[in-house]
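Undergrad: Right, I'll just put the structure down here and ask away after.
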Amino acid sequence: MEKISIIVSCYNEEQSLPLFYEEMEAVRKRDFDESINFEYLFVDDGSSDGTMEVIKSLSKNDDKVRYISFSRNFGKEAAMLAGLEASTGDYVTLMDADLQDPPALLKTMLTAIKEEGYDSVGTRRVTRKGEPIIRSFFARRFYKIINKISNVEMVDGARDYRLMTRQVVDAILSLKEYNRYSKGLFSFVGFKTKWLEYENVERVAGETKWSFWKLFKYALEGITAFSTMPLVISSFLGLVFCMIAFLAILFIIVKTLIFGDPTSGWPSMVCIIVLVSGIQLFTTGIIGQYLSKTYLEVKQRPIYIIREKN
Ligand code: UDP
Ligand code: MG
């Protein structure tokens, strides 16, 4: 019999989890018959509220429910990885606990894989209704930039909510990197992907865990993980400035030969020094970004640590 694994990463979701479970079970009973098995995999990402108690009571009443609990908060990427590694289903889906990923789409997704020959079905929000304007603005810019400078395609508005075959999951698990940026990993592995579009849904309860600063760092993560273009820009800037300096030297030599050397030009010198050292620091910073990622990569620390599971 075939099985679908539903992976739900939860960080302080005591309010939304019961609602999620209820809705998901309702959809399962309505849309799926007995010929398909289900498995819930709740990954508790070091929650500090009653999330674990909720998960445990769900698992007591329903043996489809499995869980993994981290020793601390490792982030959503780590939670999704732990879920994928522990999943046993022929089809695997990643969902948020806040019902922003409509369970009702699952049936359509499964049909696309089974009958239309797709390997994976992703979802994409076509609106960002209910999100702060400034956040949407930067999100749009981010997708514009990263798609210009990266070889893999990042779909604007793509969610982590998707249904995949076991083959796709295994391909993703074969990517062992420490700095995981899932949107990139999914498109890196390729396969035939269908996109379902839907209008943004606001979370049922609780609050978003993503501050602007967290998202900004996540965006940098995406760029360093999937593009080396900033390094190219650094070298290019270096070259341009060498050329400017060379021309300036020629100019000064000629000028001194013709007009002598009256000591002037101190303010312009200071401007040049400040500008050039600024650019140097900027490009060193870019190199530092990549170096720090490499540093974390070579240390080979575990991406998550499990405290308990069933
Ligand atoms: N999440 C997580 N670890 C974190 C932050 C978030 O597992 O460090 C989970 C969270 O519980 C939720 C999902 O990731 O199920 C998406 O988080 P959220 O709804 O806060 O993000 P948003 O939908 O606002 O982008
Ligand atoms: Mg959410």
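No lab work stands behind these numbers, since they all come straight from the coordinates. Remember, predicted model here, so these are calculated numbers, not experimental data. In this analysis, Cβ positions are derived from the backbone assuming ideal geometry, glycine residues included, and neighbour counts consider all displayed protein chains.
Undergrad: Beyond 27 Å, what share of the Cα-Cα pairs of the chain remains, rounded to the nearest whole percent?
TA: 52 percent
Undergrad: Round to a whole angstrom and tell me the spacing of the C-alpha centers of the stretch 81-127 and the stretch 142-172.
TA: Centre-to-centre (Cα) distance: 14 Å.
Undergrad: Helix by helix, which DSSP H runs in the chain go 30 Å or more along their axis at the Cα atoms and have an average Kyte-Doolittle hydropathy of 0.0 or more? The partial results should precede the final answer.
TA: Values: long enough: 229-259 (44 Å, 2.52); 266-299 (48 Å, 0.96).
In the chain, the long hydrophobic H runs are 229-259, 266-299.
Undergrad: Only Lys, Arg, Asp and Glu count, each charged at its Cβ (+1, +1, -1, -1), so figure out the dipole size of the stretch 64-222 about its Cα centre, rounded to 20 debye.
TA: Working: 27 positive and 20 negative charges, 82 e Å.
So the magnitude is around 400 debye.
Undergrad: Order of 239-248, 220-229, 261-270 by packing, highest average Cβ count within 10 Å first?
TA: Values: 239-248: 11.1, 220-229: 17.8, 261-270: 8.4.
Ranked from most to least packed, the peptides come out as 220-229, 239-248, 261-270.
Undergrad: Taking the chain as a Gaussian network, where each spring joins two C-alpha atoms under 10 Å apart, which residue of 237, 196, 110 fluctuates the most?
TA: Per the Cα network of the chain with a 10 Å cutoff, 237 tops the list.
Undergrad: Once the Cβ-Cβ distance between residue 210 and residue 235 is put in as r, and R0 is 35 Å, what FRET efficiency do you end up with, to the nearest 0.05?
TA: Taking R0 as 35 Å, the efficiency between residue 210 and residue 235 is 0.55.
Undergrad: Semi-axes, largest first, in whole Å: what does sqrt of 5 times each Cα gyration tensor eigenvalue give for the stretch 143-197?
TA: Details: eigenvalues 68, 46, 18 Å².
Ellipsoid semi-axes (Å, largest first): 18, 15, 9.
Undergrad: Report the charge-dipole magnitude of the stretch 168-216 in Debye, nearest 20, computed about the Cα centre from +1 at each Lys and Arg Cβ and -1 at each Asp and Glu Cβ. Walk me through the numbers on the way to the answer.
TA: Numbers: 8 positive and 6 negative charges, 39 e Å.
Dipole of the stretch 168-216, to the nearest 20 debye: 180 debye.
Undergrad: Which residue, chosen from 43, 254, 16, occupies the Cα position most advanced towards the positive end of the dipole of the chain, where the dipole is computed from +1 (Lys, Arg) and -1 (Asp, Glu) charges on Cβ about the Cα centre?
TA: Of the candidates, 254 comes out farthest on the positive side.
Undergrad: HN-Hα J couplings of the stretch 63-72 from phi, Karplus 6.51/-1.76/1.60, θ = phi - 60°, integer Hz, Gly and Pro as x?
TA: 7, 6, 8, 10, 8, 10, 10, 7, 6, 7
Undergrad: Could you list which residues have their amide H under 5 Å from that of residue 13, counting only those 5 or more apart in sequence or on another chain, with H placed in the peptide plane?
TA: Excluding prolines and chain starts, which carry no amide H, the hits are 51.
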